[in-house]
1. Test each condition in (1) over 24 Å from A164 (Cα atoms); (2) out of contact with any Leu (no Cβ under 6 Å at 6 or more places or on another chain); (3) of a type in the set (A, V, I, L, M) for L58 and report the one that comes out false.
2. Within the set of pairs 6 or more residues apart or between chains, which connect a residue that is within 13 Å of G143 (Cα to Cα) inside region 204-217 to a residue that is among the hydroxyl-bearing types (S, T, Y) with Cβ atoms less than 6 Å apart?
3. Look at region 218-241 and say how many of its residues are more than 16 Å from I137 (Cβ to Cβ), of a type in the set (S, T, N, Q) and surrounded by 15 or more Cβ atoms within 10 Å (Cβ to Cβ).
4. Which one is farthest from the chain's Cα centre (by Cα) among residues in region 200-217 that are at pLDDT below 95 and either surrounded by fewer than 17 Cβ atoms within 10 Å (Cβ to Cβ) or under 22 Å from K170 (Cα atoms) (or both)?
Amino acid sequence: MYNRKFLSLAVALVIAITTFATASAKPNSDNESLQTIEPLNLAVLIQDDLVPQVGSELKVTREFIRSLPKGSQVMVGYITSGSLQVRQSFTPDLDKAARSLRIPIGSTTASPFNPYVEVIEALKKFKTEGSTNSNAILLISDGLDTSRGFDSTAAGHTLDIERAIAEANKRNVAVFSFYAPSVGLTSRSRTAAAYGQSSLNRISDETGGRAFFQGTTGFVTFNSYFDRLREQLNRQYARAR
């Protein structure tokens with residue numbers, strides 16, 4: 001009887017130790033999966049007239065930049081009233097790049113006619129030689145192009161979008177995009193939001209990236225965007241094992 005009780009306790013202890021070891025190993029496995037991403041040359045571009053809620057997502061954006069593998073280089077720029085403000089040129093110092101992020105102005109005074117002219121400017125800052133890293137842009141924008149008027153029938157097919165796609169493909173840069181509404185049209189009009197999302201979807205799809213958005217009424221947080229972006233980067237750029 002005593003031996004049976006002792007045996008039962010021993011089995012239970014072994015099961016408990018095995019369960020604990022498995023549970024403890026899981027986070028390490030997850031961390032290892034994030035490190036399978038190849039080093040990137042990544043330009044983070046943020047539209048300066050986005051809603052104030054975007055400012056609350058700087059922490060998770062910084063964490064993503066810092067989580068990139070050694071050898072990555074990051075540029076940080078803001079798309080603001082017809083110009084590209086480079087806060088940090090390409091640097092291997094990921095912490096320095098992360099710290100260069102600032103809260104968007106969040107005002108129509110900073111609104112560009114569209115983000116795609118500045119995307120083209122950012123594309124020209126990627127080195128065409130001397131780097132073996134994959135190239136990518138993370139565009140945080142409402143995607144709306146009103147440079148030639150607001151015409152929803154032309155969503156995703158304006159001249160500047162066409163030029164940005166051509167330039168990205170020429171330089172082998174994948175454009176990944178996060179949708180967030182601006183303080184202008186896309187925060188008031190679902191049609192404008194859908195137009196912007198359609199444009200982001202096209203530039204991402206046709207350059208080998210992916211667009212991330214949650215309906216036409218805005219977003220909750222960027223957490224789910226970054227989770228899905230990591231998964232996508234792993235699929236595209238993971239080292240062969």
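The values are calculated or read from the model by the stated rules, or taken from the named source; none is laboratory data. Everything numeric here is computed off the predicted structure, so don't read it as measured data. For neighbour counting, all protein chains shown are included, and Cβ atoms are generated from backbone atoms with ideal geometry for every residue, glycine included.
1. (2)
2. These pairs meet every condition: S204/S177; A211/S177; A211/S204; F212/Y225; F213/Y179.
3. 1
4. T217
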